[in-house]
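What follows is a short report on a single structure.
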Amino acid sequence: MLASSARRGGKALSIGAVILLLLATMARAENVVFQSTDTPPFWSAQLPENGLGGATLKLLSAAAGVEYSIEYLPVKRYRHSLATYIVGDPDILINQKRRAVFPIGLFRSAFFYYKPHHDVIEFHSLRDLKGHTLGVLRGTLENRDYFVSNGISVEENDSVESLLKKLKRGRIDLCILVDVAGRYTIKKIFPDEQDNFVQVAISGSVRPIAIMIDVAEPDGRAVAKRYRKVLDKTLKSPEYHDILEKFYGKNNIPGDMFEQLQRFGQVYAIDWDH
């Protein structure tokens, strides 16, 4: 009798353990796949934790209980993506869908040129670029004809490295890059010539790095709710501050970082939870 009860009790315990395991599994969102572009140091499979954006996504996903992976696409394919889960700049996407957008970082664009080939290139207006050849990443420039009609030749390339190498060779006069990505790549491929590459900030070019989720999809809506619940607390956490300091350097985080994140959060806020 006691032996029989023990066996029944053991069976009950085993079933209870299975139920708890199932509940624990269900408490985490199923594995989702975010699409991105390889843009070091923000996003890259070659960097620890997939770069700054990847480290932030990892921190937020752990807090939200979301299992995920990242798929890297060429810029042109990425811009036309219809995927439920995307990370990057919301404005670069061609297909406008009903997405929950959660800004998690910032970037700025800049012109770069190679000083030994030019005295100074002024950038007060588009007219200042007349007669020059401008390099851009393939798929990032929609209004190419506008530049050409203003006497500016445009050359598309598939990588930041290619653009910078062409600057040095004199194949192009200047290029537009994400500022930190340009500096990161110059340091990587031309470590002894960093001072020869001039960077000129483009006024008003600050943009968000964001998590974007299609909330027209039921699974996407559920995952978006998880991220929204933990977003503010995570971006104010010491762990996020440590990620930023590791990227920007100690005491070198942009002073307007959190103000800009809040502003972009308001810009992209939509009423999707109904």
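The values are calculated or read from the model by the stated rules, or taken from the named source; none is laboratory data. Since the structure is predicted, the reported quantities are computational estimates derived from the model, not experimental observations. Don't worry about glycine lacking a Cβ; one is built from the backbone with ideal geometry, like all the others, and counts go over all protein chains shown. Only protein heavy atoms, including side chains, enter the accessible area calculation; ligands, DNA and RNA are left aside. Shrake-Rupley method; radii C 1.70, N 1.55, O 1.52, S 1.80 Å.
Could you check, for the range 248-256, whether at least one of its residues is surrounded by 13 or more Cβ atoms within 10 Å (Cβ to Cβ), at pLDDT below 95 and either part of a loop (DSSP other than H, G, I, E, B) or touching a strand residue (DSSP E or B) at 6+ places or on another chain (Cβ under 7 Å) (or both)?
Within the range 248-256, one or more residues are surrounded by 13 or more Cβ atoms within 10 Å (Cβ to Cβ), at pLDDT below 95 and either part of a loop (DSSP other than H, G, I, E, B) or touching a strand residue (DSSP E or B) at 6+ places or on another chain (Cβ under 7 Å) (or both).
Quick check on the range 116-138: of everything there that is in a strand (DSSP E or B) and open to solvent by 30 Å² or more (accessible area, probe 1.4 Å), which residue is modelled with the lowest pLDDT?
Taking the candidates together, the pick is L137.
Determine if the range 59-76 includes at least one residue that is of a type in the set (A, V, I, L, M, F, W, C), assigned to a loop (DSSP other than H, G, I, E, B), modelled with pLDDT of 95 or more and within 27 Å of A222 (Cβ to Cβ).
No, the conditions are met nowhere in the range 59-76.
Filter the range 78-110 down to the residues that are surrounded by fewer than 19 Cβ atoms within 10 Å (Cβ to Cβ), over 21 Å from N50 (Cβ atoms) and of a type in the set (A, V, I, L, M) and list them by number.
Hits for the range 78-110 are L82, I94.
Could you tell me whether Y113 is open to solvent by 30 Å² or more (accessible area, probe 1.4 Å), touching a strand residue (DSSP E or B) at 6+ places or on another chain (Cβ under 9 Å), part of a strand (DSSP E or B) and over 16 Å from R207 (Cα atoms)?
No: the conditions fail for Y113.
Which residue pairs have Cβ atoms under 8 Å apart, sit 6 or more places apart or on different chains, and have a first residue in the range 143-170 that is modelled with pLDDT under 90 and a second that is among the β-branched types (V, I, T)?
Partner pairs satisfying both residue conditions: R144/V154; F147/V154; V148/V154.
For a quick check of your reading of the model, give me the residue pairs whose first member lies in the range 258-270 and is closer than 20 Å to A224 by Cβ, whose second is assigned to a helix (DSSP H, G or I) and aliphatic (A, V, I, L, M), with beta-carbon atoms closer than 8 Å and at least 6 apart or on different chains.
Between residues of the range 258-270 that are closer than 20 Å to A224 by Cβ and residues that are assigned to a helix (DSSP H, G or I) and aliphatic (A, V, I, L, M), the close pairs are L261/L235.
Is there a residue in the range 139-153 that is of a type in the set (A, V, I, L, M, F, W, C), touching a helix residue (DSSP H, G or I) at 6+ places or on another chain (Cβ under 7 Å) and either on the phi > 0 side of the Ramachandran plot or assigned to a strand (DSSP E or B) (or both)?
No, the range 139-153 contains no residue that is of a type in the set (A, V, I, L, M, F, W, C), touching a helix residue (DSSP H, G or I) at 6+ places or on another chain (Cβ under 7 Å) and either on the phi > 0 side of the Ramachandran plot or assigned to a strand (DSSP E or B) (or both).
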